[in-house]
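**Student:** Have a look at this one before I ask anything.
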Amino acid sequence: MSDSNEPTGMPIRITLEPGVYYRCTCGKSFNLPFCDGSHSSDAPPPIRFEITEKKQVYICTCDLTVTPPFCDGSCGTELD
């Protein structure tokens, strides 16, 4: 078993309420895909994003998207 929570490579489909969110970029969060502050000072910073109305989104975990933190299908995954 790994010491960190590594991303799966597939987008995470989730319905989010309005608010500000932080997408984990280091893989150490115990609340993936969201940052919980578990990163060290030399880790890449989390990606801040805001949702203005309740909606379903796809959070990228492959790092190929050009629209982080959202999946754009660059990994070949078809989105509904």
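Derivation of every value follows stated rules applied to the coordinates shown; laboratory data play no part. The structure presented is a predicted model; accordingly, all values stated were derived computationally and were not measured. Reconstructed Cβ throughout: ideal geometry from the backbone, glycine too, with neighbour counts over all protein chains shown.
**Student:** If you keep only loop residues by DSSP, which trypsin sites (Lys or Arg not before Pro) in the range 34-80 have at most 12 other Cβ atoms within 10 Å of their Cβ?
**Tutor:** Values: sites: 48, 54, 55; in loops: 54.
Answer by residue number: 54.
**Student:** When the Cα atoms of the chain are enclosed in a convex hull and the volume is divided per residue, what value in Å³ results? Don't skip to the answer; put the middle values down first.
**Tutor:** Details: hull volume 8.0 nm³, N = 80.
Per residue, the Cα convex hull of the chain comes to 100 Å³.
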